[in-house]
Amino acid sequence: MSTLDPVLLEVLACPCEHHAPVRAEGNPTDAIVCTRCETSFPVRDGIPVMLLDDATPGPRGIGADPEA
Ligand SMILES: [Zn+2]
């Protein structure tokens, strides 16, 4: 059971300063990605780990704006 609940996805937000919405990546979902800074959070046993310590920063870094 590794399909992420869409309702859960709606209430999740990136812990970066913008608290941007996130999207699910992979099928089954293996990562949660911030729609703003592209930081990627692991999904372990179907549970998104929304911790910056465990995150893979996006190309411009955690909390970065989409374009500079
Ligand atoms: Zn973010």
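Bear in mind that the values in this text are calculations on the coordinates, not laboratory data. Note that the structure is a prediction, hence the values are computed from the model and not measured. For neighbour counting, all protein chains shown are included, and Cβ atoms are generated from backbone atoms with ideal geometry for every residue, glycine included.
What to note about this one:
- Val49, Val22, Val7 arranged by Cβ crowding within 10 Å, fewest neighbours leading: Val7, Val49, Val22
- The GluC sites (Glu not before Pro) of the chain that meet both conditions, a loop assignment by DSSP and at most 13 other Cβ atoms within 10 Å of the site Cβ, are Glu17, Glu67.
- Exposure proxy order (Cβ contacts within 10 Å, fewest to most) of Ile47, Ile32: Ile47, Ile32
- Order of Thr3, Thr29, Thr35 - criterion: other Cβ atoms within 10 Å of each residue's Cβ, fewest first: Thr3, Thr35, Thr29
- Electrostatic bookkeeping for Leu9 treats Lys and Arg as +1 and Asp and Glu as -1; over the other residues with beta carbon under 14 Å from its beta carbon, the sum is -3.
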